[in-house]
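The structure's right below; bear with me while I get my questions together.
The values are calculated or read from the model by the stated rules, or taken from the named source; none is laboratory data. Predicted model only: the values in this text are computed from it and were never measured. Counting neighbours? That spans all protein chains shown, and the Cβs are built from the backbone with ideal geometry, glycine included.
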Amino acid sequence: MTEAREAVRSYLKGREALGEPEMFLPPGSRGEALEQVRTAGSRDTGTAVRGLDAGRLARSGTREEILGIADMDGLREVAEACTRCGLHATRTKVVFSDGAADARVLCVGEAPGANEDRTGLPFVGRAGKLLDRLLLSVGFPRADVFICNVLKCRPPGNRNPLPDEIEACSPFMLRQLELVRPTVIVAFGTFAAQTLLGCRDSLRHLRGRTHLYEGFPLVVTYHPAALLRNPGWTRPTWHDLQLARRIVDGEQGQPTPRVVTEDEAPRGSGPGGGPAGAKDQLILGGRDG
Ligand code: SF4
């Protein structure tokens with residue numbers, strides 16, 4: 001959205017809030033102004049929404065309303081009070097995000113685990129520390145990266161998220177993405193990758209190349225919790241993060257065809273150098289605790 005459109009829409013919403021549902025414009029400018037407002041769409045109601053309707057949005061906000069929240073603080077406010085799916089009943093804390101809201105790298109995991117549910121922060125505990133080291137190894141200090149999950153509340157017992165929970169919660173992640181506008185997204189684990197890409201392909205098939213999600217380059221790799229169980233997958237993960245590094249550096253950004261890397265070459269081993277016969281199911285639910 002251009003600044004001009006934003007200004008027009010904000011002005012019109014302000015007039016409407018003051019009880020002026022209609023307004024008269026000088027000849028010649030009416031059509032242009034109306035077009036600006038029309039094409040601005042419903043996603044920019046956030047300024048009016050925030051503070052006034054946060055409680056209602058948290059209870060029953062629609063997808064479009066969540067996508068219309070104007071800024072990260074407002075989005076967090078709604079998420080942290082959210083009861084829009086059944087997971088609110090069993091969570092300890094909503095796990096909204098960690099890191100820089102202007103980050104060039106946005107990391108997405110599946111859903112909070114026990115440590116995250118307890119602390120309210122994504123990717124903590126042993127898996128989080130491993131993630132920190134991996135990111136740092138390619139020049140991304142954690143503080144410079146935006147980290148979140150597809151789901152903001154922990155599924156009981158770390159079970160896989162249900163379709164209605166994903167449907168209810170995914171607008172938060174999508175709006176986070178729109179607000180951060182990263183140079184690259186890194187999806188950790190099968191579930192996050194399949195959710196973002198809308199497919200059921202295996203992680204082995206998805207990793208090692210650049211995808212697009214909502215117009216943003218996306219790289220898929222193993223979840224750090226899976227690396228704790230399968231250290232042999234650390235090397236291909238590092239290769240994936242190097243790919244993300246190259247995208248940030250402007251060396252690579254277009255979707256690329258799948259290439260079988262040396263880590264996947266047959267040598268009596270499973271995906272990414274893992275144990276023979278390893279299944280992607282091992283990576284599903286890759287949460288810490
Ligand atoms: S998982 Fe998402 S939609 Fe469900 S209660 Fe938590 S924040 Fe709301």
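Collect the residues in the stretch 58-68 that are over 21 Å from Ala111 (Cβ atoms) and not charged (D, E, K, R), keeping them in residue-number order.
Listed by number, the residues that qualify are Ser60, Thr62, Gly68.
Does at least one position in the stretch 143-155 carry a residue that is within 16 Å of the ligand (Cβ to nearest atom), closer than 21 Å to Pro112 by Cβ and free of Cβ contacts under 8 Å to residues at least 40 places away in the same chain?
Taking every residue of the stretch 143-155 in turn, none turns out to be within 16 Å of the ligand (Cβ to nearest atom), closer than 21 Å to Pro112 by Cβ and free of Cβ contacts under 8 Å to residues at least 40 places away in the same chain.
Being in a loop (DSSP other than H, G, I, E, B) and crowded, with 16+ Cβ neighbours inside 10 Å is the filter here; which residues of the stretch 111-143 pass it?
Within the stretch 111-143, Ala111, Pro112, Gly113, Gly120, Leu121, Pro122, Phe123, Val124, Val138, Phe140 qualify.
I've got another one for you. Between a first residue in the stretch 213-233 that is farther than 22 Å from Pro112 by Cα and in the same structural domain as Lys129 (by TED's automatic domain parsing) and a second residue that is part of a helix (DSSP H, G or I) and among the β-branched types (Val, Ile, Thr), which pairs have beta carbons less than 6 Å apart while being 6 or more apart in sequence or on different chains?
Short answer, once both residue conditions are applied: Pro217/Ile247.
Have a look at Leu106, Leu135, Leu121, Leu179 and point out the one that is at pLDDT 95 or above and over 25 Å from Ala70 (Cβ atoms).
Working: Leu106 fails: over 25 Å from Ala70 (Cβ atoms); Leu121 fails: over 25 Å from Ala70 (Cβ atoms); Leu179 fails: over 25 Å from Ala70 (Cβ atoms).
Going through Leu106, Leu135, Leu121, Leu179 in turn, just one is at pLDDT 95 or above and over 25 Å from Ala70 (Cβ atoms): Leu135.
Only residues that are over 23 Å from Asp144 (Cα atoms), buried (at least 18 other Cβ atoms within 10 Å of the Cβ) and within 12 Å of the ligand (Cβ to nearest atom): list them for the stretch 64-110, please.
The answer is Ile66, Val78, Cys82, Arg84, Cys85, Leu87, Arg91.
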